[in-house]
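Working notes, structure below.
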Amino acid sequence: MRTDQKIVATSKRTPNRISFFGPPSLLKGENPKAYNQLLASVTECVALTDCLEEIWTDDIVQQTWDIFRYRRSKTAILNNAMPDAAARFLSIPVKKPFNVEQWNSFWSPPA
């Protein structure tokens, strides 16, 4: 995490959120502007009235960011695994009748 990342002022009640919450927990390659845009959008919808609502809003934004991160990670993992899985799938000889054990061995990790 870079320490020079800034959070944009998103609430009329708190002009500088970084002093309260600190910098966002972003991984290398994640876009701080996208995080700030998400934070600003959620904060605008909530109409914060006190510090507890700011804490809850920050938690919601962080959890939502984590969900987006996990979705991106899952997509990357599946995209990287797809060529190998397709090659393994296409290498299974088809027999009649269908051999369930052979199909199950395809889905198990290679030995």
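The numbers here are math on the coordinates, done by the rules we state, and not lab data. Since the structure is predicted, the reported quantities are computational estimates derived from the model, not experimental observations. Virtual Cβ from ideal backbone geometry, glycine too; neighbours counted across all protein chains shown.
Arrange Thr57, Thr64, Thr43 by Cβ neighbour counts within 10 Å, fewest through most, would you?
Numbers: Thr57 19, Thr64 14, Thr43 24.
Going from sparsest to densest Cβ surroundings: Thr64, Thr57, Thr43.
So what are the ³J(HN,Hα) numbers for the stretch 52-63, from phi and the Karplus equation (6.51, -1.76, 1.60; θ = phi - 60°), rounded to whole Hz, Gly and Pro as x?
Couplings: 5, 5, 5, 5, 5, 5, 4, 4, 5, 5, 5, 5 Hz.
In nm, what is the difference between 0.36 nm times the number of residues separating Lys74 and Ala47 and their Cα-Cα distance?
Numbers: separation 27, 0.36 × 27 = 9.72 nm, distance 3.33 nm.
Here the segment from Lys74 to Ala47 would lengthen by 6.4 nm.
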